[in-house]
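Data first, discussion second: the structure below is written as structure tokens.
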Amino acid sequence: MIKSLKKNKSAAIGLLVIFFFLIMAFIMPFFIENDPKAIFENALRLPPAWMENGNNQFLLGTDDVGRDLLSRLVYGSRISLMIGFLVVLVSMTIGTFLGLISGYFEGKVDKFIMGIVDIIMSFPSILLAIIVVAVLGPGITNAILAVSVVSIPSFTRIVRSSVLVEKNKEYVQAAISFGANDFRILFKEILPNCMAPLIVQATLCFSDGILNTAALGFLGLGAQPPLPEWGMMLSDARAYIESAPWMVTLPGLCILTLVLGFNLFGDGLRDLLDPKLKGR
Amino acid sequence: MIIRILKRLLKSLPTLLGISLLSFFLIRFIPGDPVMLLLGERGADPETYKEMQKSLGLHLPWYEQYFTFLKGIFSGEMGTSIISKQSVQSEFWSRFPATLELGIFSMIFAIIVGIPLGIIAAAKRNSIIDYLLMGGSLLGYSMPIFWWGLILILLLSVQLGITPVAGRISVMYDIDVWSGFLLIDTLRENVRLEEGLAPFYSALKHLLLPGIVMGTIPLAVTARMTRSSMLEVLSEDYIRTAKAKGLSPFFVVAKHAFRNALIPIVTVIGLMFGSIITGAILTETIFSWPGIGKWIVQSVNQRDYPVIQGGILYIGFLVILVNQGVDILYSVLNPRLRK
């Protein structure tokens, strides 16, 4: 595995980026003095330390109410990784389950599930997430839930199509002839053989989840202040784009890098796990 | 042909019905009493309450309500906005051209830039150029476009002062609505009033940044798709034959390979209509573009439920119809798909 990672540059670079953010989220907070929510009233919109008027106490400057930007970005990485993780967990669990049932039993169940999947997929993802938030009310938990709902169909489709292929193979027929029950066949026999595309989809879903939740935060429908969520920080920063551009550039750069890291990793992983698609 | 089109539309009927159900139940899922929500905290005396309930038809059993709702869809009566007091239908159609104009502009940008980049990457496979282009495309694909828009505003509008920050056209000009597309309407006005091309340029300048922002992700997707489709075609036997005949590499790529690689590319572009709407929601919010994306976000923030309900319905229907239209178009364009 490590050897093939070395060969696949995009997966390696992606993994490095992800590691960087893991360190940022779980180790850097020990070295940060300022609380991300603490307000320094006499340090409003200070530029980063290396610019004119910068202050070494605030390495990357402060925001419009005088909070330390570095500290907010660092704690924000925790939030974003958490968001990605939760979105994948929820949508993969539900999506995989539905896909297994749909592919294995076919018939009416399949038609019903795929019908719903088609409806969800015919909506642009952000729009559907906005609708869910409109019903549940804004907030980070509801935003995560909304983005998870939107991510379910792609898991369902992928698992379903793998199941349709796998269930006619000999090892499944053998298990059936031994008298294994449906539950055992689905989870012990078929599921492990659907893992490769599932893992790739999970990686890509991680980045989509982060991006979509940040977009909801930006629209004011996701995380609420004073939580240091990157998307919401960006929407606060919009008003100060001329006077404090660092407030705009830094959170967005974090989102872009983290999302890019996961996409690179996912792309590389696909090449590793599915050599047929290599170079596409 | 007509039978095939009808069959396709019939197939998408369950999905359309599903969307109408989703949109119908949306208002009923909201925690609390919709009538109270619509009336606000002050107007809660029992008489107004009853009146409101009746005007919304909420005193009827749900299936009758749904039936009335379906009838409303067909007659184009989608209720009225709580905030503006105008019909949802007229609000939608007055904003839709703005989104469509922006969408078309951004798609043209994505296609004109994306396809050549994809062809170059495929022709120079595994070279530095290929890596750079594909790296750039992944960067574009990962872009949080709400940030990208702000960065472009920062660079081009704030620092260089080239492009305007918001809106569709300078407030100096008052253009009659004819097609709803400002690029067309300004030209028409120009012909009529001999005003010069200033309003047209103003509209074009306003379109530039949002168009680029909205086109970024489609551009990345188009470039990647073009590259992979070209690579597949370039490994075919007839390409080897063409090369063996001694044709110039440019001619082989541009004429023989590209024409055949075009089919999957066109598919992807056609199916990108959904992502136009996604892009519109974010882009229009950043640039205060008066289209349906901004309208929906605003309505969610103001809890204008009739608008959200109608908006979902219209957008859902449009996406499905466009996707079906693309499918039908293909079987016309590509003889191999005709069964």
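Cα-Cα pairs above 24 Å in the stretch A:1-104: how many percent? Intermediate values should be presented prior to the final figure.
Details: 2652 of 5356 pairs.
In whole percent, the long-distance tail amounts to 50.
Quick one: grab the alpha carbon gyration tensor of chain A, order the square roots of its eigenvalues as a ≥ b ≥ c, and give me rounded if a/c is under 1.5, else prolate or oblate depending on whether a/b is larger than b/c.
On the way: a/c = 3.02, a/b = 1.95, b/c = 1.55.
Prolate is the answer for chain A, as a/c is 1.5 or above and a/b outweighs b/c.
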Query - 27 Å Cα cut-off, lysine pairs counted over the stretch A:2-277 (separation 8 or more, or different chains) - result: 15
Query raised in the report: Toward the positive end of the charge dipole of chain A, about the Cα centre and with charges on Cβ (Lys, Arg +1; Asp, Glu -1), which of A:GLY95, A:SER77, A:PRO124 goes farthest?
Result: A:GLY95
Query - Rg and Dmax of the stretch A:45-148, Cα atoms only, in Å - result: 21.2, 69
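With the cut-off at 1.5 for a/c, could you classify the stretch A:121-192 from its C-alpha gyration tensor as rounded, prolate or oblate?
Details: a/c = 5.29, a/b = 2.92, b/c = 1.81.
It is prolate, given that a/c is not under 1.5 and a/b is the larger ratio.
By its C-alpha gyration tensor, with a ≥ b ≥ c as the square roots of the eigenvalues, how is the protein assembly as shown shaped: rounded for a/c under 1.5, else prolate for a/b larger than b/c, else oblate? All intermediate terms of the calculation are to be shown ahead of the outcome.
Details: a/c = 1.18, a/b = 1.09, b/c = 1.09.
It comes out rounded by the Cα gyration axes.
Over chain A, what is the relative contact order in whole percent, taking alpha-carbon pairs under 8 Å and six or more residues apart? Before the final figure, lay out each step's value.
On the way: 410 pairs, mean separation 68.1, N = 280.
The normalised contact order for chain A reaches 24 percent.
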Query raised in the report: How large is the Kirkwood hydrodynamic radius of the stretch B:178-270, in angstrom, based on all distinct alpha carbon pairs?
Result: 16.6
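Among B:THR278, B:THR80, which comes first, second and so on when ranked by fewest other beta-carbon atoms within 10 Å? Could you put the intermediate results ahead of the total?
On the way: B:THR278 23, B:THR80 19.
Least crowded to most crowded, the residues run B:THR80, B:THR278.
In whole percent, what relative contact order does chain B give with Cα contacts below 8 Å and a gap of six or more residues? The partial results should precede the final answer.
Numbers: 349 pairs, mean separation 84.2, N = 339.
Contact order relative to length: 25 percent.
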Query raised in the report: Distance in nm between label sites at B:PHE251 and A:ASN53, each 7 Å beyond Cα in the beta-carbon direction?
Result: 6.5
Requested in this report: State the extension gain, in nm to one decimal, for the chain segment bounded by B:LEU204 and B:SER84, taking 0.36 nm per residue of separation less the distance between their alpha-carbons.
Outcome: 40.3 nm
Report summary line: Ranking A:LEU219, A:CYS205, A:THR141 by how far each Cα lies towards the positive end of the charge dipole of chain A (+1 on Lys and Arg Cβ, -1 on Asp and Glu Cβ), the top one is A:CYS205
Requested in this report: Please return the longest stretch of chain A lacking exposed loop sites, where GluC sites (Glu not before Pro) count only if DSSP places them in a loop and at most 10 other Cβ atoms lie within 10 Å.
Outcome: A:53-280
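Counting only GluC sites (Glu not before Pro) that sit in a DSSP loop (anything but H, G, I, E, B) with at most 16 other Cβ atoms within 10 Å, what is the longest stretch of chain B containing none of them? Walk me through the numbers on the way to the answer.
Details: sites that count: B:GLU41, B:GLU77, B:GLU194, B:GLU195, B:GLU236.
The longest such stretch corresponds to B:78-193.
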**Report entry** Per-residue ³J(HN,Hα) for the stretch B:322-327, Karplus 6.51 cos²θ - 1.76 cosθ + 1.60, θ = phi - 60°, Hz, x for Gly and Pro
**Finding:** 5, 4, 5, x, 4, 4
Query - Alpha-carbon Debye profile of the stretch B:91-302, log10 I(q)/I(0) at 0.18 Å⁻¹ - result: -1.18
Query raised in the report: ³J(HN,Hα) across the stretch B:9-23 via Karplus (A = 6.51, B = -1.76, C = 1.60, θ = phi - 60°), whole Hz, x for Gly/Pro?
Result: 5, 5, 5, 8, 4, x, 5, 4, 4, x, 5, 5, 5, 4, 5
Report task. Could you please state, rounded to a whole Å, how far the C-alpha centre of the stretch A:126-156 is from the C-alpha centre of the stretch B:156-188? Result -> 35
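The numbers here are math on the coordinates, done by the rules we state, and not lab data. Please read these numbers as outputs of a predicted model, since none were measured by experiment. Virtual Cβ from ideal backbone geometry, glycine too; neighbours counted across all protein chains shown.
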